[in-house]
Structure formats: C-alpha cells, structure tokens
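Here the structure comes first, spelled out in structure tokens, and everything after it is commentary.
The values are calculated or read from the model by the stated rules, or taken from the named source; none is laboratory data. All figures in this text were calculated on a predicted structure; none of them were measured in a lab. Cβ sites come from the backbone with ideal geometry, for glycine too, and all protein chains shown count toward neighbours. Protein only, heavy atoms only, side chains kept; ligands, DNA and RNA dropped before computing areas. Shrake-Rupley method; radii C 1.70, N 1.55, O 1.52, S 1.80 Å.
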Amino acid sequence: MKKILLILLFGALISSCSSSKVGNDNTKYFDENNVEISKSKFNRIRSTNKLLDIPGDSANHKKLTLREKSGKITNRVLLESLLEKETNQEIDSTKPIVIIYYPGKDPCNSSGSATKESRKVWFAQLEDGINQIAQTKPIYIYKNNDGLEKQDGGLTWHKDPEGIVERLFFEYHYPCSSFEVISKDGNYISYFGEFAKDYVWEATQRMNK
C-alpha cells in the first residue's frame, strides 16, 4: 500500500512540474508593430536597448515599444494652465516645456548605486544644459510618489495635475523615469525609460524653434 501511495505521489509531483513548465513557456512575444516573434528574436532586439519591453494585451504577452515618440498636442494652453496651478509658477508660452516624469516605484528606479549627492550633481548639470539651450527649467512630475525619495537630489516633485501628463503622453508604465519636451506650438518628443542628460538637451534643442 505504501509503495502505491509513493508512486502516486511521485507521479503527481512530476505532473505538477510538467504543468509549470508548460505555463512558463506559454508567453507570446511581439515586436513594436504588434507582430508575433520568437522569444530569442525578442531578447536579441531588446538587448540593443533601442526598444523597451512592456506588458502586451494579455497577461502572458510581452511587447516591444520604441523608446522615442513624437507628435503634437492640440491644447498646450490647458497643459500650461494645469502645470502652473500645480507648481505655483508661471510657464513661458514661447519656450518649450520640459517634463521629467516619475511613474511610480518599479525594479528599475528602485535599484542602482546613485547617492543623493550624485543625483544632485546630475540634475544640476541637466538643468544647466536646458537653461543654456532654452532659458527654462524642467518640471518634475510624478504619478505615484512611492519610492520617490530615492530620486531626491534636492528636487521639488509635483503630482501630475488631473493626470494630464500621463493621459497625453504615457500609454503604459515605462520603467525608471521618462521625459517630455513640448514646443511652443504643441509638438513634442517623448523618451521612455532611463535616459542620459544629452538626450534631454537634444530634444530641447529640437523643440526650441
């Protein structure tokens, strides 16, 4: 009897492990055009760091998305008005709006070895470059302030007013932080995920026309 029970138990364990493997292999992968591709191709493209991976349309879908997007908003005046009210500062309508956006805590922005002092230096350099290009300062906006203290660097962060920044520019939760630069005419450049200072400077230069 004991032998039979042991055999049944062993069989159940094998079946359970087998089921887990099937479940883990059930993920489907898609490129930035929503075309299904192999896992190896997905990982190869992702490793170039030119695209990000985001959740797809279903729980077992993973999709690639471009890191940079451009377009035009139809009502910059409304965006200005809501940002001015939230930040209590006037926005020059003749200059680009530069937004640094924190989406909430995730594995990307809650890791790393940067200190408060090193962040302070980084953001001071970022702001100095933006000021030289367009004589303006970035506005720091968050969706959710969980984990925001790790991004400190002596900055003043503001809640996304009425969720307008997310609504206009962010279809998904992109890891780490992202930025937006909006021209005086409403044209914009979005860059999703972790970024270098010179990416912001270049986008500001392009939108400062």
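With respect to the conditions (1) touching a Ser or Thr at 6+ places or on another chain (Cβ under 8 Å); (2) closer than 17 Å to residue 196 by Cα; (3) open to solvent by 90 Å² or more (accessible area, probe 1.4 Å), residue 120 lacks only one, and its number is (1). Candidates 135, 125: the one that is at positive phi and over 19 Å from the mean Cα position of the chain (by Cα) is 135. Residue 76 satisfies every condition listed in (1) over 22 Å from residue 193 (Cβ atoms); (2) open to solvent by 40 Å² or more (accessible area, probe 1.4 Å) except (2). Being open to solvent by less than 20 Å² (accessible area, probe 1.4 Å), without any contact (Cβ under 8 Å) to a residue 60 or more places away in the chain and touching a strand residue (DSSP E or B) at 6+ places or on another chain (Cβ under 9 Å) is true for just one of 52, 64. Which residue is that? Step by step, each of 52, 64 is checked, and only 64 is open to solvent by less than 20 Å² (accessible area, probe 1.4 Å), without any contact (Cβ under 8 Å) to a residue 60 or more places away in the chain and touching a strand residue (DSSP E or B) at 6+ places or on another chain (Cβ under 9 Å).
The set of residues in the range 98-111 being out of contact with any Phe, Trp or Tyr (no Cβ under 6 Å at 6 or more places or on another chain) and either open to solvent by 60 Å² or more (accessible area, probe 1.4 Å) or of a type in the set (A, V, I, L, M) (or both) consists of 98, 99, 105, 107, 111.
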